[in-house]
Amino acid sequence: MAENKTVVFIISRQDGPDATPYEEKFEVPYRQNMNVISALMEIRRNPVKANGEKTSPPQWEMNCLEEVCGACSMVINGKPRQACSTLVDKLTQPIRVEPMRTFPVVRDLAVDRSRMFDALKKVKAWIPIDGTYDLGPGPRMAENKRQWAYELSKCMTCGVCLEACPNVNSKTDFMGPFVFGQVELKNAHPTGEMNKEERLESFMDEGGLQGCGNSQNCVQSCPKGIPLTTSIAAINRQAAIHSLKSFFGSR
Amino acid sequence: MASRDFVNRRLHSFLGLIPIGLFLVVHLTVNYFATRGAEAFDKAANFMEKLPYLVVLEIVFIYLPLLFHAIYGIYIAFQAKPNVKRFGYYRNWLFFFQRWTGLFLVIFLAWHIWETRIAMLRGTELNFEMMANILDNPWMVAFYIVGVLCAVYHFSNGLWAFLVHWGIIVTPKSQRYTSYLTVIIFILLAIVGIRSVFAFVNPDTVAMM
């Protein structure tokens, strides 16, 4: 019985960044425990549509295949998620696969997530340790703090929270929910904390933290279960205190 | 430097609670005198009307904050791209309604201020009679009930958002408990608002309610 069982996919195709999207239907032979990536690989191996016509192999991005790199994010049956960890058995058919259109589409399912990396650069989401001489070891981090900070470090810039957020769109320059977690992570680091104000200042700039409207879709959608809304409120507190301190002065 | 965007957003959040939210509570409380009859309402309204330097109080604590909150609020509302169909989560619906009630309130309040405060400037006396005349037809009663419910919703949910925007409630637990609290505030203020509306329509029914 399992021999001739098939899975139906409807894939949104787009030949280039400015091309008009169109849909193509595929029937893929079912295999046990298959995920969306394995089905896409099967279609790529044999790019024949359900009606028997030959087509070009669909394009997408992937790397790790175990939900840690964030490259294969796409909209599957309406929800943004990683194609590698989305099991076909748990989906209703036909399975609709689309690119995350919050980002510029490069081709088919491949999107350009550069804006996320630009955002991380903008808010200085790194720990500056470079100097002209050895500065020695930094201060130690308390174990209980390390534990919650580790959760924030799981962010893989996959873009799912931006796709889910109603305030990330072409009408705003809001950088997106993931930035909150990364700013909180670097501000929590004992060495990173030394540049806390700088990081907050750049995150209070255009497109910054004020763009959040508390729809809380990000925390519902994050594949890594990062407590983004906790980071949002925590960074809001840091920003409120920082803005009052810098206005009234504190030394 | 904190951008103008940041300052405007935080000012919008702050003014929504102080003074606009507080004014809403005072306003609904004064209205509630209507449930004790025309005389009680007229006395309460008269007290508010006879406050010293009323025009200054109105401009500083009502008109200017409300204008900023409304105009900047329209800008915020149209920046969002609602996605409740794809992401039908509880908070996303509240986010969506916060924007819609805000937009509706701009229309409702413009109408309401025209019919009451501006009518008063044009010579109509502010009293129970004025409101009873306004609410003399069922469409107006419906319009006012929707208006009151929108205002109370926008205030209750806005109070929750205020506490998050200013970083007062951070943990999921505190955010959840505050949600329960704001639901209670919504229900209580909705009862106050709707009973007042009906008091102008039919004082006898409200006395029995």
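General remarks:
- Accessible surface, 1.4 Å probe, highest first, among residues A:25, A:90: A:90, A:25
- Treating each Cα of region A:114-248 as an identical point scatterer and summing with the Debye formula, the log10 of I(q)/I(0) at q = 0.11, 0.20 Å⁻¹ comes to -0.39, -1.22.
- Taking only the C-alpha atoms of region B:19-69, Rg followed by Dmax gives 12.2, 35 Å.
- Full-stretch length increase - residue A:65, residue A:51 - with 0.36 nm per residue and alpha-carbon distance subtracted: 2.1 nm
- Per residue, in Å², the accessible surface of chain A once ligands and nucleic acids are set aside, probe 1.4 Å: 50
- Both chains summed, the buried accessible area for B and A stands near 2900 Å², from protein heavy atoms and a 1.4 Å probe.
- Its Kirkwood hydrodynamic radius, worked out from the mean inverse distance over all distinct Cα pairs, puts region A:2-111 at 13.9 Å.
- Kirkwood hydrodynamic radius over Cα pairs of region A:83-128, then Stokes diffusion coefficient at 37 °C and 0.692 mPa s, in µm²/s: 246
- Which of A:71, A:35, A:109, positive extreme of dipole for region A:2-111 (C-beta unit charges): A:35
- The orientation-averaged shadow of the Cα convex hull for region A:1-50, equal to a quarter of the hull surface, comes to 3.8 nm².
- Spin-label zone in region A:125-146 - amide nitrogen under 18 Å from a point set 7 Å from the Cα of residue A:194 along the C-beta vector: A:125-142
- Kyte-Doolittle at least 0.5, axis length at least 27 Å by Cα - qualifying DSSP helices, chain A: A:228-248
- Largest first, the extents of the alpha carbon coordinates of region B:14-118 on the three principal axes equal 52, 30, 24 Å.
- By the rule of a second cysteine Cβ within less than 4.7 angstrom, chain A holds isolated cysteines at A:72, A:84, A:155, A:158, A:165, A:212, A:222.
- Cα-based equivalent ellipsoid of the protein assembly as shown: semi-axis lengths in Å, sorted from largest, via gyration tensor: 50, 31, 18
- For residue A:156, the shell of other residues with beta-carbons less than 9 Å away shows a net charge of +1, using +1 for Lys and Arg and -1 for Asp and Glu.
- Note on residue A:118 and residue B:107: their simple-model spin labels are 3.7 nm apart, each label 7 Å out from Cα toward Cβ.
- Normalised by 2.2 N^0.38 Å, with N the number of residues, the alpha-carbon radius of gyration of region A:170-251 equals 1.12.
- Projected label distance in nm at residue B:40 and residue A:240, using a 7 Å step from Cα toward the beta-carbon: 3.7
- Computed [θ] at 222 nm, deg cm²/dmol, chain B (DSSP H ≥ 4; -39,500 (n - 2.57); rounded to nearest 500): -23500 deg cm²/dmol
- 31 Å tail of the calculated P(r), chain B, as % of Cα pairs: 24
- Positive-end residue of B:105, B:169, B:94, charge dipole of chain B with Cβ unit charges: B:169
- The charge dipole of the protein assembly as shown, taken about the Cα centre with unit charges on the Cβ atoms of Lys, Arg (+1) and Asp, Glu (-1), comes to about 760 debye, rounded to the nearest 20.
- For region A:60-107 and region B:75-122, distance of Cα centres in Å: 35
- Chain A, dipole about Cα centre (Lys/Arg Cβ +1, Asp/Glu Cβ -1), debye to the nearest 20: 400
- Considering only B:170, B:146, B:106, the Gaussian network model of chain B with Cα springs below 10 Å gives its largest mean-square fluctuation to B:170.
- Debye-sum result for region B:138-181 in log10 I(q)/I(0), which assumes one identical scatterer on each alpha carbon, at q = 0.13, 0.15, 0.16, 0.23 Å⁻¹: -0.39, -0.47, -0.51, -0.73
- Relative contact order of chain B, pairs being alpha-carbon contacts under 8 Å that are 6 or more residues apart, as %: 33
- Based on Cα atoms of chain A, Rg over Rh with Rh as the Kirkwood radius reads 1.06.
- Sulfur and carbon atoms: percent of accessible area, region A:2-111 [1.4 Å]: 45
- Comparing A:160, A:177, A:214 along the charge dipole axis of region A:156-221, the residue lying farthest to the positive side is A:160, per the Cβ-charge model.
- Relative contact order for region A:71-221, counting Cα pairs under 8 Å that sit 6 or more residues apart, in percent: 24
The values are calculated or read from the model by the stated rules, or taken from the named source; none is laboratory data. This structure is a prediction, so every number in the text was calculated from the model and none was measured. Every residue, glycine as well, gets a Cβ built from its backbone with ideal geometry; the counts of neighbours run over all protein chains shown. Side chains included, ligands, DNA and RNA excluded: accessible areas come from the protein's heavy atoms. Shrake-Rupley method; radii C 1.70, N 1.55, O 1.52, S 1.80 Å.
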